[in-house]
Amino acid sequence: MRVVYGLEAFGPVDRPVYLALGTFDGVHRGHQAVLATLRAAAAAGAGLAVATTFDPHPLAVLARPQEPFLLTTLEERLRLFARAGLDVALVVRFDDDLRSLDAGAWLERLRAHLAPRHLVTSTTHTFGRQREGTAQFLQAWGAAQGIAVTVVPLVEHEGVPISSSGIRTLLRAGDVQGAAQWLGRWYSVRGVVVAGEGRGRRLGVPTANLDVPREKVVPARGVYAAYAAVDGLTAMAAVNIGVRPTFGGGAEGVEVHLIDVERDLYGQPLEVAFVDRLRSEMRFPDAEALRRQVRLDIERARTILSGMRSINVHQFLFASE
């Protein structure tokens with residue numbers, strides 16, 4: 001897959017452009033339906049399957065949330081685009097200039113630089129100043145320009161429309177299983193292993209402390225069964241997210257214990273895919289009580305994950321590719 005940064009860099013192509021419009025944070029099942037429709041249309045028309053995304057995420061410019069909001073970093077999104085079989089990912093910088101454009105002006109920019117034959121979007125995607133660019137607006141504009149437009153219906157799970165905001169809500173509640181059903185894969189976070197305080201090792205359970213990008217959503221505090229991938233290794237893991245209340249609290253961290261693996265991971269990129277939540281964060285009376293509970297957590301994680309041997313874990317983890 002080719003990655004193009006900016007409309008001006010797109011350049012001439014030798015096939016007609018079929019373009020999906022959106023940010024696609026999460027690349028969840030609803031997004032996947034849009035991309036599958038795009039890919040099928042491009043294949044039928046011997047064209048290029050191209051999708052837009054924005055960096056930074058429009059929320060970072062328009063709303064400036066006080067809490068993490070990204071479901072996928074740009075790198076993760078691009079890798080998911082490649083997995084979806086796209087030919088080109090078009091990364092557009094979202095800045096004050098872009099936010100000031102009305103919907104028609106944005107579409108004219110796309111037409112000038114890409115000359116798309118066919119546009120694909122979802123029923124809920126909006127664009128342009130004050131979000132005036134709706135699916136109906138796009139259809140009317142396309143009809144006037146002689147450009148085909150396909151609007152993909154919402155994908156639902158148990159009667160509820162799948163959305164990025166809904167997935168954020170599930171994750172903030174610790175419902176990683178629900179989030180996985182909406183995403184079509186386990187939710188994962190990536191980061192570099194950094195130095196911690198060594199408490200896990202002193203408890204007999206060494207952990208890797210993960211430095212997660214500041215804007216990336218992390219599931220609710222608690223303990224999780226997960227898979228971890230680092231340096232070509234995929235392993236079962238127990239993951240603690242929290243402030244270590246037994247030791248007086250502190251900044252929230254993500255601590256990963258690789259089950260049955262002993263390796264120095266300091267300074268290496270590591271990815272964790274959350275499979276199930278074991279329990280909420282708890283304060284214990286002393287270190288020994290915590291040690292006993294951690295051992296129980298690890299065994300429960302081992303039991304859950306061992307029952308998934310038939311799953312191709314590698315398809316869920318970027319770091320294992």
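Just a few scattered comments:
- Residue among 168, 190, 117 that is in a strand (DSSP E or B) and closer than 19 Å to residue 72 by Cβ: 190
Residue-wise test of (1) touching a Leu at 6+ places or on another chain (Cβ under 7 Å); (2) assigned by TED's automatic domain parsing to the domain that holds residue 47; (3) more than 22 Å from residue 35 (Cβ to Cβ).
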residue	(1), (2), (3)
85	no, yes, no
88	yes, yes, no
95	no, yes, yes
104	no, yes, yes
116	yes, yes, no
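- Selection count where residues are farther than 13 Å from residue 28 by Cα and of a type in the set (Val, Ile, Thr), scope segment 69-83: 1
- Residue tally, condition in a loop (DSSP other than H, G, I, E, B), under 13 Å from the mean Cα position of the chain (by Cα) and among the charged types (D, E, K, R), over segment 58-94: 0
- Condition met for residue 244 (buried (at least 20 other Cβ atoms within 10 Å of the Cβ), at pLDDT below 85 and of a type in the set (D, E, K, R)): yes
- Exclusive hit being more than 25 Å from the chain's Cα centre (by Cα) and surrounded by fewer than 19 Cβ atoms within 10 Å (Cβ to Cβ), set 55, 97: 97
- Options 38, 74; residue that is of a type outside the set (Ser, Thr, Tyr) and out of contact with any Leu (no Cβ under 8 Å at 6 or more places or on another chain): 74
- Any pair with Cβ under 6 angstrom, 6 or more apart, that starts in segment 134-147 at a residue that is touching a residue at least 24 places away in the same chain (Cβ under 8 Å) and ends at one that is assigned to a helix (DSSP H, G or I) and crowded, with 18+ Cβ neighbours inside 10 Å: 137/103; 141/107
- Search result, residues across segment 107-133 that are under 26 Å from the mean Cα position of the chain (by Cα), buried (at least 18 other Cβ atoms within 10 Å of the Cβ) and free of Cβ contacts under 8 Å to residues at least 60 places away in the same chain: 128, 133
The values are calculated or read from the model by the stated rules, or taken from the named source; none is laboratory data. Predicted model only: the values in this text are computed from it and were never measured. Using ideal geometry, Cβ is built from the backbone for each residue, glycine included, and neighbour counts are taken over all protein chains shown.
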